[in-house]
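The values are calculated or read from the model by the stated rules, or taken from the named source; none is laboratory data. Since the structure is predicted, the reported quantities are computational estimates derived from the model, not experimental observations. A quick note on method: Cβ atoms are made from the backbone with ideal geometry, for glycine too, and the neighbour counts reach across all protein chains shown. Accessible surface is based on the protein model in full, side chains and every heavy atom, while ligands, DNA and RNA are left aside. Shrake-Rupley method; radii C 1.70, N 1.55, O 1.52, S 1.80 Å.
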Amino acid sequence: MEDEKIVELFLKRSQQALNETKEKYNTYCTVISSNILSDKQDTEECLNDAYLKLWNSVPPEKPKSLKAYLGRIVRNLSLDRLEKNRAQKRGGGRAEAVFEELSGLIGTSNIQISETLAIREAVNDFLRGLDKESRVIFVQRYWYFCSIKEIASQMEITESKVKMRLSRTKEKLRKHLQKEGFDI
């Protein structure tokens, strides 16, 4: 079923909307959450929470892209769960390694909301300027938390090429953020 029709079902408060959404996007959402959490039970709980949040937010929201809207909900809930797990000293799996990769690039202490929004806009501008392959590799790694091996397989390139692209892209991003006035 097309996303527009699914959103219309949400707007009509039809239970079928959730069934159609789960049928179409459950695998997509599972990959996002499991890449962050590396725990099946936590992933299942996040997906249940995400579907509930989607149900409660549409309406009043009417997302232009149901896939992106749901993906963002799942990602944010999974990151919240990861933070909770960190506080309980349970670890974070793959996401921990990804955060370490970015730790020197974007500091996380004492960032105000306005700075966060400005950084997000600067990163989005940067990504729009990248070639497609570099952009896909960067997003797969740092948004979806895919492993180097998974990215190499999806892109049909070597793992060393993925690592090199990520390294070069991070350096370009660092320079871009500095040029935009961020203290990196």
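Overview of values
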read-out	value
Enumeration of residues in the stretch 132-184 that are polar (S, T, N, Q), assigned to a helix (DSSP H, G or I) and free of Cβ contacts under 8 Å to residues at least 24 places away in the same chain	GLN140, SER153, GLN154, SER160, SER167, GLN178
Qualifying residue in the stretch 42-64 (condition: touching a residue at least 12 places away in the same chain (Cβ under 8 Å), under 13 Å from the mean Cα position of the chain (by Cα), assigned to a helix (DSSP H, G or I) and within 27 Å of GLN154 (Cβ to Cβ))	no
All positions within the stretch 143-173 that are in contact with a Leu (Cβ under 7 Å, 6 or more places away or on another chain) and open to solvent by 20 Å² or more (accessible area, probe 1.4 Å)	LYS170
Every residue from the stretch 3-25 that is open to solvent by 80 Å² or more (accessible area, probe 1.4 Å) and either of a type in the set (Gly, Ala, Ser) or under 21 Å from the mean Cα position of the chain (by Cα) (or both)	LYS22, GLU23, LYS24
